[in-house]
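Since the structure comes first, as structure tokens, the remarks are kept for the end.
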Amino acid sequence: MKKHLVAIAALFSVLPPGFVYAGQPEALVLSTWNIQTLATPGRKVFDTSFARGPEDYEDLKLVEKTLAADVYALQEVSSPAAAGLVFPPDQFVICTSGQWSADAKGLGPIYDPAAIKAAGVKPECHDQTGSLPDTAVTPGLPAGQPDPLLKQYTMLAVRKSSGVSVTKIEDLVGLGVAQNDAGPHGTFVVRNVRWGLDATLEKGGKEFHLLVVHMKSGCFDGYLRKDRWDAKVDTWKVEPKKDNACDVYARQLPALRDWIAARKAAGEDFIVAGDLNRRLDLELLDDKSPDLWPIVTGSETAEADDDIALTHLPRGESTATGKACWSDQPPQERIAIDYFVLSPGMEPSDALNKIRKVLFTDVKRPDGTPIASGPADKTRLSDHCPRELTFQ
């Protein structure tokens, strides 16, 4: 049902200080972190990716120690083995989207649900202290070249000592829509977008869903076509043209809206965490087009039964107040695209003081030197600084 979004925000501002929501997980630290094409040593996902070495993984592990989160929603990780270099398997349970297995079996980039089911593709959680599986290497790949078998996936890392357990884990395959992208010499190639990873987590007798997402990039505050996001089926067909990023993004939204609706209908608490690739606070300043927030909260539609009072953290960032991850970021890029979207009852008390952004330039090695000195390090570490949310 259409309504002014400020009214939704006001619902949260009138609660008394210290108010604790019934569904809030106790003593939990949750982080979302896009680690920019994280692969095993010397391997590259793209030409522009950094071929990391041992010292680079040690620096990334220092970031993890600075965050010290119980649960990490991860994006742009190429394999369980790559995740294990930052989140050691003797300390973390690492869960991988089934998309990694589907690609290893050659089932992408246009995923057929029947073929996925027949192949037994599903998320995998690795609870071990030894080696983790890696993506195969393309035979005959020249040294220093990106490997076409390496792709980006959503993953989850749960600290074993945190008291958090993964009681169920599923894929949200519908987010993995296919797209036409630019290929060599004016050609077009079909590429996939990332699946979502839906983990049911439990701590202290409280259970909630955590959906890890990495939405389509390139549509940070652009027009989301209603005939795409309101479709009951995926209307896309392969055409000999490059897809507009906002059309691809809009085609992901039916799966996301259906997932939220299912949680609402079941009365289940949830958090959507990850790289939304939308500037939620900036997009609302443009009243000419449907934006992500009114679409997922149901306020863009005339029906009342799809309305849900979601909230997002961080919020209220502007080009003036947003903290730059890297010093060369223009003002609009200082506004968050990595978020925690919370169902009613999941927002921590004093929420804006429970969210933080960790800058790589603030993370120190044992000798006191920062792990990053400037923009030149952003491909070595990540162009995204991790966000963290604390529940107490």
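Every read-out reported here was derived from the displayed coordinates using simple, explicitly stated rules and does not represent laboratory data. Since this is a predicted model, take the numbers as computed values, not measurements. For neighbour counting, all protein chains shown are included, and Cβ atoms are generated from backbone atoms with ideal geometry for every residue, glycine included.
General remarks:
- Modelled label positions at E124 and A68, each set 7 Å beyond Cα in the direction of Cβ, lie 3.3 nm from each other.
- Of all aspartates and glutamates in the structure, those lying under 13 Å Cα to Cα from K216, and not within fewer than 8 positions of it along the same chain, are E76, D181, D243, D247, D275, D338.
- Gain upon complete extension [A304, D181; 0.36 nm per residue less C-alpha separation]: 40.6 nm
- Whether segment 82-229 is rounded, prolate or oblate, judged on the alpha carbon gyration tensor where a/c under 1.5 counts as rounded: oblate
- Label of the coordinate-derived value, log10 I(q)/I(0) by the Debye sum over Cα atoms at q = 0.06, 0.09 Å⁻¹, listed as [x] -0.22, -0.51; [y] -0.47, -0.79; [z] -0.26, -0.58: [x]
- Helical content of the chain, expressed as a calculated mean residue ellipticity at 222 nm, amounts to -5500 deg cm²/dmol (DSSP H runs of 4 or more residues, -39,500 (n - 2.57) each, divided by residue number, nearest 500).
- Computing FRET efficiency as 1/(1 + (r/R0)^6) for D362 and E170, where r is the C-beta to C-beta distance and R0 is 30 Å, gives about 0.25.
- Applied to segment 356-372, the Karplus parametrisation 6.51 cos²θ - 1.76 cosθ + 1.60 on θ = phi - 60° returns per-residue 3J(HN,Hα) values of 9, 10, 9, 8, 4, 5, 8, 8, 10, 7, x, 7, x, 7, x, 6, 9 Hz, with x for Gly and Pro.
- The string of couplings for segment 209-216 from the Karplus curve (6.51, -1.76, 1.60, θ = phi - 60°) is 8, 10, 9, 8, 10, 9, 6, 4 Hz, one whole number per residue in order, with x for Gly and Pro.
- Relative contact order for segment 184-231: 29 percent, from Cα pairs under 8 Å spaced at least 6 residues apart, divided by residue count.
- Rounded FRET efficiency, nearest 0.05, which uses the C-beta distance separating F188 from L352 and R0 of 35 Å: 0.20
- At q = 0.10, 0.14, 0.19 Å⁻¹, base-10 log of I(q)/I(0) for segment 33-157 (Debye sum, equal scatterers on each alpha carbon): -0.31, -0.61, -1.07
- When the Cα positions of A320, Q152, T361 are compared along the charge dipole of the chain, Q152 comes out farthest toward the positive end, with charges on each C-beta of Lys, Arg, Asp and Glu.
- Linear extension gain, A324 paired with A266, 0.36 nm per residue minus alpha-carbon span: 17.0 nm
- Relative contact order of segment 273-392, defined on C-alpha pairs under 8 angstrom at six or more residues apart (%): 26 percent
- Spin-label zone in segment 180-207 - amide nitrogen under 14 Å from a point set 7 Å from the Cα of F46 along the C-beta vector: 181-183, 191-194
- Sequence ranges 303-310, 152-159, ranked by mean other-Cβ count within 10 angstrom, highest first: 152-159, 303-310
- Förster-model FRET efficiency, 22 Å R0, S289 and S217, C-beta, rounded to 0.05: 0.75
- Cα gyration tensor, segment 289-375 - rounded (a/c under 1.5), prolate or oblate: prolate
- Residue order for S49, S343, fewest other beta carbons within 10 angstrom first, comes to S49, S343.
- Cα-projected label distance for K226 with E207, points at 7 Å along beta-carbon direction, nm: 3.9 nm
- Cα-derived Rg over Rh, computed across segment 155-196 with Rh taken as Kirkwood radius: 1.29
- Our coupling estimate for segment 126-140, obtained by passing each phi through the Karplus curve with A = 6.51, B = -1.76, C = 1.60 and θ = phi - 60°, is 9, 10, 8, 10, x, 6, 10, x, 10, 6, 4, 9, 4, x, x Hz, Gly and Pro reported as x.
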